[in-house]
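Working notes, structure below.
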Amino acid sequence: MNDNKRRLALLKVNGDLGAKIRMSLEMTGLLDKITSTTRISIKPNFTYPFYKPGVTTSPEVIRETVKILREITPHIAIVETDGGYHAWKAIEAFKGHGIYDMANEFGIEAVNLCEEPRENITFRSGFSEHALPLPTRLLHETDLFITMPVPKIHAMTGLTLAYKNQWGCVPDIMRLRRHYVFSDAIVAINRALKPVVISDGTYFLDNNGPMDGDPVRMDMIIAATDPGTFDRYVSELMGWSWKQIKHMKRAVQLGDEELFALDFRER
């Protein structure tokens, strides 16, 4: 297999969630990246302390994904940070989505990244250099980082898809204060973490995300080898051009244009 080939799989669930997640992992070649020693970190989208359709990643999608991965490696952690501005603790989101039950069932970890060691990455924005903390676990102790976004309209950024889900990896509850450099920061974060994507497309969120929009039932699983491929395809699926999204345009300006090339579509 050519590891540089970018792939995307979009599958309708049709009542067989686990089989479709497995198929999406096979179609994108992600299963080929995993051995018995692979350390996996899974980042859901927990922008609410309990499951809310179209807002947070569904427990069923997380569980079925973990079940498949656990057949190969025991080194799996579900990771999240505390909500911004003390909105809620990661422990509340883990409880509200049944993550501790999954951890006990499969013998995996549930990790609050705000309680983990961290180190700074640096990036430039405008004429200044900025530092941003990221968990050491994700930077140096993870072999495969899986981001699990929910496709949403977003009041501040237009869309929140795979690229933006990594904003929740910053272990700083005051991270919203850094939104003035968000586009440059999110590109730097994705370059550092190199995520692959397994998206919960059970519901998309329309009109006014990320927490208060209208959930639209889609019954999809969408996997991709990288966030640029995912964001390019899903933005078009939602009726947007990636060129309308500031941080996606910035990714291309900073040299990630190949991530948005998308010369294939696997369904």
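Search region 151-169 for residues that are on the phi > 0 side of the Ramachandran plot and pair each with any residue that is part of a loop (DSSP other than H, G, I, E, B) and modelled with pLDDT under 95 when their beta-carbon atoms are under 7 Å apart and the residues are at least 6 apart or on different chains.
GLY158/TRP240; GLY158/ILE245
Mind checking whether some residue in region 99-108 is open to solvent by 30 Å² or more (accessible area, probe 1.4 Å), at pLDDT 95 or above and touching a Gly at 6+ places or on another chain (Cβ under 6 Å)?
no
Determine which single condition ARG177 fails, assuming it passes every other condition in (1) part of a loop (DSSP other than H, G, I, E, B); (2) at pLDDT below 90.
Only one criterion is unmet by ARG177, namely (1).
Are any residues in region 57-80 open to solvent by less than 50 Å² (accessible area, probe 1.4 Å), within 24 Å of GLU115 (Cβ to Cβ) and out of contact with any Ser or Thr (no Cβ under 6 Å at 6 or more places or on another chain), and if so, which ones?
Hits for region 57-80 are THR57, PRO59, ILE62, THR65, VAL66, LEU69, ILE76, ILE78, GLU80.
Can you report the number of residues in region 171-186 which are open to solvent by less than 20 Å² (accessible area, probe 1.4 Å) and either over 20 Å from LEU138 (Cβ atoms) or hydrophobic (A, V, I, L, M, F, W, C) (or both)?
5
What is the number of the single condition among (1) out of contact with any helix residue (DSSP H, G or I) (no Cβ under 8 Å at 6 or more places or on another chain); (2) surrounded by fewer than 18 Cβ atoms within 10 Å (Cβ to Cβ); (3) modelled with pLDDT under 95 that ARG217 does not meet?
So the condition that ARG217 fails would be (3).
The values are calculated or read from the model by the stated rules, or taken from the named source; none is laboratory data. None of these values were measured; they are calculated from a predicted model. Cβ sites come from the backbone with ideal geometry, for glycine too, and all protein chains shown count toward neighbours. Please note that ligands, DNA and RNA were not included when accessible areas were found on the heavy atoms of the full protein model with its side chains. Shrake-Rupley method; radii C 1.70, N 1.55, O 1.52, S 1.80 Å.
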